[in-house]
Amino acid sequence: MPVSDFELIQSWRQVLELSGLQAGQSVALLTAQGTNEQTLRCAIIAVQEKGAIANRLDLQPVNGGTSLSRDPLAFVGTTPLTNNRAAVEMLTASALVLDLMTLLFSAEQHEILAAGGRILLAVEPPEVLVRMTPTAQDREQVLAASKKLQAAKQMRVTSQAGTDATFALGDYPMLEEYGFVDRPGRWDHWPSGFLATWSNEGSAEGRIVLAPGDILLPQKSYLTAPITCHLEKGFVRAIEGGFEADHLRDYMDSFNDPEVYAVSHIGWGLQKRAHWAVMGFYDREASIGMDPRACAGNFLWSTGPNNEAGGTRDTACHIDIPMRGCTVMLDGMPVVKDGKLVEDAQ
Ligand SMILES: [Fe+2]
């Protein structure tokens, strides 16, 4: 069901307020072919309402002829900013970048952030943005959970389906996604509400058993049969199961890069306004799947790059895998139990 411009403008107002946008500052609105016109229109109005300057930068698509999927997260690393100095200079000179086209995992994004820029990604459909308009409480919840994750030396994940995997922690920063950019150098994603970090290089060990109903992204499919992923020394060494396991392996192999099998970020969802069921109601190209990524009580793990965390792995393939029904323990203390948040751990 659609939302009105009025509702979406109110949401943008809140996001810009939480992000501390001031009158007179320049805001760059990054767009491309897939940018939602309502999201763009309402963002410009909200920026101007603040007395700030709205500049639109429309970029050309890249990787379309190489990627096997039209999902913007399916082929990462090179972006329309690669070797595009004029665009990078404009974004670096802006107080705030509203990314309405999906600019992830790029060296240029890091450069903009390192110069004190703020980047907020917002590409989900307008009604999803409105439903998950970020709040100050979202931030408090994510930061409270982050304190626990920062203090932990080990994450262990188990499930009734047979998952039992461990990850050593401490070498990589936190990925605290709460939906707005309230300080210089910050990247965030509206909508979100989850927490992650990266396991220490080579430390992921054990077995992850994906159960029916668990989700693969960017495939955007609910699994219908179990898939077992064997982890050893930080990599997925074997993927076993039926057709869906074959499909996953075939897709990952298509990148011709052994690095695609590295374990990437690991964490859990905190957002109670995100819902597991939502993905089933959308066409695959209408959404990038933030509901299952952020859904409260999920275990979200992924494969592929770690360059956004300061690592050197910049492989183009990135699979996000939200799972239900897991227990996530930090140094033996559960923060998620059987797929539900342990409230006193938040
Ligand atoms: Fe991811």
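The values are calculated or read from the model by the stated rules, or taken from the named source; none is laboratory data. Owing to the predicted nature of the structure, the values given are computational and were not obtained by experimental measurement. As a convention, Cβ positions derive from the backbone with ideal geometry for all residues, glycine included, and neighbour counts pool all protein chains shown. Please note that ligands, DNA and RNA were not included when accessible areas were found on the heavy atoms of the full protein model with its side chains. Shrake-Rupley method; radii C 1.70, N 1.55, O 1.52, S 1.80 Å.
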- Mind telling me which of the residues D338, D283, D257 ends up being surrounded by fewer than 23 Cβ atoms within 10 Å (Cβ to Cβ), over 18 Å from I215 (Cβ atoms) and more than 16 Å from the ligand (Cβ to nearest atom)? D257
- Test for L143: is it open to solvent by 10 Å² or more (accessible area, probe 1.4 Å) and among the hydrophobic types (A, V, I, L, M, F, W, C): yes
- Note on the structure: Here the qualifying pairs (Cβ atoms under 6 Å; residues six or more apart or on different chains; first in region 319-334 and within 21 Å of H247 (Cα to Cα); second within 16 Å of the ligand (Cβ to nearest atom) and part of a loop (DSSP other than H, G, I, E, B)) come out as P322/N298; M323/D214
- So which residues in region 215-227 are within 23 Å of the chain's Cα centre (by Cα) and more than 14 Å from C317 (Cα to Cα)? I215, K220, S221, Y222, L223, I227
- The residue that is farthest from F194 (Cα to Cα), considering only those in region 321-335 that are out of contact with any Ser or Thr (no Cβ under 6 Å at 6 or more places or on another chain) and open to solvent by less than 30 Å² (accessible area, probe 1.4 Å), is L330
- Task: Return the pairs, sorted by first residue and then second, in which the second residue is not in a loop (DSSP other than H, G, I, E, B), the first residue lies in region 56-83 and is hydroxyl-bearing (S, T, Y), the beta carbons are less than 7 Å apart, and the residues are 6+ apart or on different chains.
- Result: T79/E108; T82/E108
- For region 173-185, enumerate the residues that are open to solvent by 10 Å² or more (accessible area, probe 1.4 Å) and outside any strand (DSSP E or B). P173, M174, D182, R183, P184, G185
- Item | Subset of region 311-320 that is more than 9 Å from the ligand (Cβ to nearest atom) and among the hydrophobic types (A, V, I, L, M, F, W, C) - its residue that is least open to solvent (accessible area, probe 1.4 Å) | C317
- Restricting attention to region 289-305, and to residues there that are open to solvent by 10 Å² or more (accessible area, probe 1.4 Å) and out of contact with any helix residue (DSSP H, G or I) (no Cβ under 8 Å at 6 or more places or on another chain), which single residue is nearest to the ligand (Cβ to nearest atom)? R293
- For E308, work out the one condition from (1) within 14 Å of the ligand (Cβ to nearest atom); (2) without any contact (Cβ under 8 Å) to a residue 40 or more places away in the chain it doesn't fulfil. (2)
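Here's a check for you: in region 186-201, which residue that is of a type in the set (S, T, Y) and part of a loop (DSSP other than H, G, I, E, B) is nearest to the ligand (Cβ to nearest atom)?
Quick first cut of region 186-201, residues of a type in the set (S, T, Y) only: 192, 197, 199.
Next cut, part of a loop (DSSP other than H, G, I, E, B) only: 192, 199.
Values: S192: 11, S199: 14 Å.
Checking each candidate, the answer is S192.
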- Item | Residue that is within 16 Å of the ligand (Cβ to nearest atom), open to solvent by less than 10 Å² (accessible area, probe 1.4 Å), aliphatic (A, V, I, L, M) and under 15 Å from the mean Cα position of the chain (by Cα), where the choices are A262, A204, A274 | A274
- Task: Exactly one condition in (1) in contact with a helix residue (DSSP H, G or I) (Cβ under 8 Å, 6 or more places away or on another chain); (2) open to solvent by 30 Å² or more (accessible area, probe 1.4 Å) is not met by Q160; state its number.
- Result: (1)
- Task: Please state which one of L81, L57 is open to solvent by 20 Å² or more (accessible area, probe 1.4 Å) and either on the phi < 0 side of the Ramachandran plot or aromatic (F, W, Y) (or both).
- Result: L57
- Message: Is it the case, given these coordinates, that V328 is away from the ligand (no atom under 16 Å from the Cβ), not aromatic (F, W, Y) and not in a helix (DSSP H, G or I)?
- Response: yes
- Query: Taking A168 and the conditions (1) within 16 Å of the ligand (Cβ to nearest atom); (2) open to solvent by 10 Å² or more (accessible area, probe 1.4 Å); (3) hydrophobic (A, V, I, L, M, F, W, C), which numbered condition does it fall short on, given that it satisfies the others?
  - Reply: (1)
- Of those in region 124-139 that are assigned to a loop (DSSP other than H, G, I, E, B) and in contact with a helix residue (DSSP H, G or I) (Cβ under 7 Å, 6 or more places away or on another chain), the residue surrounded by the fewest Cβ atoms within 10 Å (Cβ to Cβ) is P125
